[in-house]
Amino acid sequence: MERVDKILASRTDFSRKDAKKLIAQGRVRLNGRLVCAPDEKVDLEADVLQLDGKSLLLQKHLYLMMNKPAGVLSAARDPKQPTVLDLLGEEYRRTGLFPAGRLDKDTEGFVLITDDGEFAHRILSPKRHVPKTYHARIDGPVTDQMVEAFASGVALEDGTLCKPAQLCVLEDGGEPLCQVVLTQGMYHQVKRMFLSCGRRVLWLKRTAIGALPLDKTLGPGQVRKITDKEILLLLGKI
Ligand code: URA
């Protein structure tokens, strides 16, 4: 159980002081009834809290899947450039949200946004080997040697040895579309792996985290909640 003013402040852009005013103005309802005092207690699992008639998401932690568009930073906040958090609608505003893991500014696709640090650590920790799947368009053919090099561990141009990764071709041609599956997440890793094989990445999209694919119905910049079942999939529990 948590105080209503505290929840209002953590789930909206209002401060705790503002929250008290909202309550006094009769703009807050708990299970349909007007809230009278800021210290009324809310059950995060069972209650419905509304501000100006709109329900707030009460669950303790939020897990979101976003299809990040190119040109947006996968950072929490940036003074100059738009970030994935700036794209979130009002219903998903709450303190403590951050993108779990980074995609380059020009990379598209699956970004997991949460306020659950422990969960993020489990998805990102190199020890857990949660695979990340990417689709990449590159500027030349995929050779057998490249597939073998990815499978045995590419040596990057600075000498860093990558863990084994899967590479396969999805669409042949002068600029083939490839699928890459990594179990680690070094800076610019996909681009640097291809570069060390003499190829440039022209376009890159993350299409899955673990066994959870990016929802194909999400357009660029769109976001939706990850279901409880999908959380288990992400954690490799089903
Ligand atoms: N590898 C890259 O090169 N860039 C990304 O954004 C993610 C993986």
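The values are calculated or read from the model by the stated rules, or taken from the named source; none is laboratory data. Bear in mind that the values here come from a model prediction, so they are computed numbers and not experimental data. Note that we place each Cβ from the backbone using ideal geometry, even for glycine, and neighbour counts take in every protein chain shown. Remember, those area values only see protein heavy atoms, side chains included, never the ligands or the DNA or RNA. Shrake-Rupley method; radii C 1.70, N 1.55, O 1.52, S 1.80 Å.
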Being of a type outside the set (D, E, K, R) and away from the ligand (no atom under 16 Å from the Cβ) narrows Pro82, Pro69 down to just Pro82
Out of all the residues in the stretch 124-145, is one or more open to solvent by less than 40 Å² (accessible area, probe 1.4 Å) and assigned to a helix (DSSP H, G or I)?
no
Would you say Gly89 is modelled with pLDDT under 95, within 20 Å of Thr217 (Cβ to Cβ) and open to solvent by less than 50 Å² (accessible area, probe 1.4 Å)?
yes
Only one of these conditions is not met by Thr107: (1) surrounded by 18 or more Cβ atoms within 10 Å (Cβ to Cβ); (2) under 12 Å from the mean Cα position of the chain (by Cα). Which number is it?
(2)
Looking only at the stretch 10-20, and only at residues there that are free of Cβ contacts under 8 Å to residues at least 60 places away in the same chain and not in a loop (DSSP other than H, G, I, E, B), the one that is most open to solvent (accessible area, probe 1.4 Å):
Lys17
Residue satisfying all of: in the stretch 150-161; free of Cβ contacts under 8 Å to residues at least 24 places away in the same chain and at negative phi; most open to solvent (accessible area, probe 1.4 Å) among these:
Leu161
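Restricting the search to the stretch 49-60, which residues are of a type in the set (A, V, I, L, M, F, W, C) and either in contact with an Asp or Glu (Cβ under 9 Å, 6 or more places away or on another chain) or exposed (fewer than 13 other Cβ atoms within 10 Å of the Cβ) (or both)? Talk me through it step by step, then tell me what you get.
Our first condition is that a residue be of a type in the set (A, V, I, L, M, F, W, C); within the stretch 49-60, this holds for 49, 51, 56-58.
Listed by number, the residues that qualify are Leu56, Leu57, Leu58.
Please find, among Leu64, Leu112, Leu85, the residue that is farther than 21 Å from Leu182 by Cα and in contact with a helix residue (DSSP H, G or I) (Cβ under 7 Å, 6 or more places away or on another chain). Full working, then the answer.
Values: Leu112 fails: farther than 21 Å from Leu182 by Cα; Leu85 fails: in contact with a helix residue (DSSP H, G or I) (Cβ under 7 Å, 6 or more places away or on another chain).
Criteria check complete, one pass: Leu64.
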